[in-house]
Amino acid sequence: MAQKLKIGIIGAGGIARGPHINGWKQVADAEVVAVCDISKGAAESMAREHGIPNVFTDFRELVKLTEIDAVDICTPNRVHTPAVLAAFARRKHVLCEKPLAVTVREVKQMQAAAARARKLLMTAQHQRFSGISTAVKQFIATHPIGEVYHARVHAVRRNLLPTNPGFIDPALSGGGPCMDIGVHALDLAMWLMDSPMPVRVSGRMMTNFAMGHDIPGAWGDWDRKLFGVEDFASGFVHFENGATMVLEASWLQHQQEKEDMSCRLFGRKGGVSWPAGHYSSAANGALFDAAIQAHHVQSAHAEEIKAFAHAVRTGGPSPVPVDQTIKVIAILEGIMRSSERGGREVALNLRNGK
Ligand SMILES: NC(=O)c1ccc[n+]([C@@H]2O[C@H](COP(=O)([O-])OP(=O)(O)OC[C@H]3O[C@@H](n4cnc5c(N)ncnc54)[C@H](O)[C@@H]3O)[C@@H](O)[C@H]2O)c1
């Protein structure tokens with residue numbers, strides 16, 4: 001491996017130009033040496049702004065650069081799988097934005113390609129790296145909340161609908177808020193629960209407001225002709241250990257909060273809420289509560305990128321193991337499949353290799 005870790009970024013949009021490039025600048029022994037975007041102007045302007053020497057418009061060309069050790073994939077969701085597979089074919093390590101893919105089949109394809117290439121695959125679930133997330137995780141490890149029998153997961157917004165085609169055109173996004181932001185709160189809840197095995201899912205997806213004009217989008221207006229995803233999804237999950245979960249995701253709905261991105265875990269000895277950082281329990285007829293203090297973290301995205309770079313350097317395991325991502329995507333895909341079947345429950349069969 002070259003002295004400095006050499007990075008290629010694929011997709012020069014919002015997440016790449018903000019949190020990712022800033023994250024890479026915080027890794028002293030890494031440098032971004034290439035950028036690719038199908039929009040030449042986007043790739044060139046990012047290269048100019050950040051002194052990136054190599055510019056591409058086709059990721060298949062970027063991954064041919066032998067000096068590159070790892071790629072950071074920041075394209076729309078449906079472009080993740082081909083970019084990840086192209087990178088592993090050229091034996092690069094991969095950090096890829098969420099959702100890693102929108103089907104379990106594709107995530108497993110990536111997992112197999114990573115194993116063949118003997119390279120690291122990490123989903124960019126930055127929420128795991130925030131100060132409150134690591135504090136809640138540590139709190140649960142040191143103050144067991146007992147068996148978690150239920151989780152409540154929210155990723156619901158009042159009027160925050162991302163307007164770029166990559167989010168609302170199903171050919172690019174593969175789903176609406178369920179895949180876009182449901183994945184954040186769900187991944188966080190699953191991680192806090194130590195990734196139990198989901199076995200059955202039911203759910204509904206709806207488009208209640210996005211085709212109308214009553215709710216003004218705080219991020220601007222969107223193209224209704226392009227809009228082909230849900231604006232609301234709900235799901236109910238059964239786990240192998242008997243636990244259950246309810247999940248709600250929306251970009252537009254009548255609620256007080258601009259955004260509620262949260263989860264609550266209910267254990268037999270105590271409950272925790274994230275990101276509120278609240279612990280509740282009771283013993284011998286007395287209720288008690290405690291606040292969980294967040295660790296000091298400036299940027300969860302930067303911590304995520306540092307964790308990826310460290311794992312690549314040390315040959316360590318993926319900081320976000322793909323086996324955990326498979327369960328998360330299985331739940332989200334299950335909600336979509338169930339909704340297509342009018343809300344009928346679907347079996348996930350992850351243990352049977354399906
Ligand atoms: N972790 C987070 O908090 C977070 C936040 C926003 C977005 N994301 C994820 O990051 C990804 C990108 O989101 P964004 O907000 O940057 O979107 P964006 O629309 O701002 O940028 C996407 C970029 O990818 C480019 N692109 C499209 N197809 C391409 C291809 N085949 N090859 C190369 N470039 C291609 C587009 O031209 C565009 O510049 C999505 O998967 C999204 O879910 C994550």
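The values are calculated or read from the model by the stated rules, or taken from the named source; none is laboratory data. Just so it is clear, the structure is predicted and the values come from calculations on it, not from any experiment. Here the Cβ positions follow ideal geometry from the backbone for every residue, glycine too, while neighbour counts run over all protein chains shown. Side chains included, ligands, DNA and RNA excluded: accessible areas come from the protein's heavy atoms. Shrake-Rupley method; radii C 1.70, N 1.55, O 1.52, S 1.80 Å.
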Fill in: Unique match (being in contact (Cβ under 8 Å) with a residue 12 or more places away in the chain, among the small types (Gly, Ala, Ser), buried (at least 21 other Cβ atoms within 10 Å of the Cβ) and within 11 Å of the ligand (Cβ to nearest atom)) among ALA30, ALA43, ALA34, ALA70
ALA43
Discussion item. Can you go through VAL94, VAL104, VAL79 and tell me which one is away from the ligand (no atom under 14 Å from the Cβ) and under 18 Å from the mean Cα position of the chain (by Cα)?
Written reply: VAL104
Worksheet, complete the sentence: Flagged pairs (Cβ under 6 angstrom, 6 or more apart or on separate chains; first in the range 134-153, more than 21 Å from PHE239 (Cα to Cα); second aromatic (Phe, Trp, Tyr) and open to solvent by 80 Å² or more (accessible area, probe 1.4 Å)) are none
Worksheet item: Of all residues in the range 1-24 being open to solvent by less than 40 Å² (accessible area, probe 1.4 Å), near the ligand (Cβ under 8 Å from one of its atoms) and aliphatic (A, V, I, L, M), which is nearest to ARG91 (Cα to Cα)?
Response: ILE10
Practice prompt. Residue by residue through the range 132-153, note down the ones that are over 16 Å from the mean Cα position of the chain (by Cα) and within 16 Å of the ligand (Cβ to nearest atom).
Written response: ILE132
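Look at ILE326 and say whether it is modelled with pLDDT of 95 or more, more than 18 Å from ARG118 (Cβ to Cβ) and touching a Phe, Trp or Tyr at 6+ places or on another chain (Cβ under 6 Å).
Values: modelled with pLDDT of 95 or more: yes; more than 18 Å from ARG118 (Cβ to Cβ): yes; touching a Phe, Trp or Tyr at 6+ places or on another chain (Cβ under 6 Å): no.
In short, no.
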Item to complete: Could you run through the range 110-149 and say how many residues are open to solvent by 40 Å² or more (accessible area, probe 1.4 Å), touching a helix residue (DSSP H, G or I) at 6+ places or on another chain (Cβ under 8 Å) and not in a helix (DSSP H, G or I)?
Response: 1
Practice prompt. For residues that are within 15 Å of the ligand (Cβ to nearest atom) and touching a helix residue (DSSP H, G or I) at 6+ places or on another chain (Cβ under 9 Å), tally how many sit in the range 51-67.
Written response: 9
Fill in: Failed criterion for PHE288 (all others in (1) in the same structural domain as VAL153 (by TED's automatic domain parsing); (2) surrounded by 16 or more Cβ atoms within 10 Å (Cβ to Cβ); (3) over 30 Å from ALA210 (Cβ atoms) hold)
(2)
Discussion item. Please go through the range 296-332 and give me each residue that is open to solvent by less than 30 Å² (accessible area, probe 1.4 Å) and over 19 Å from PHE129 (Cα atoms), ordered by number.
Written reply: ILE326, ILE329, ALA330, ILE331, LEU332
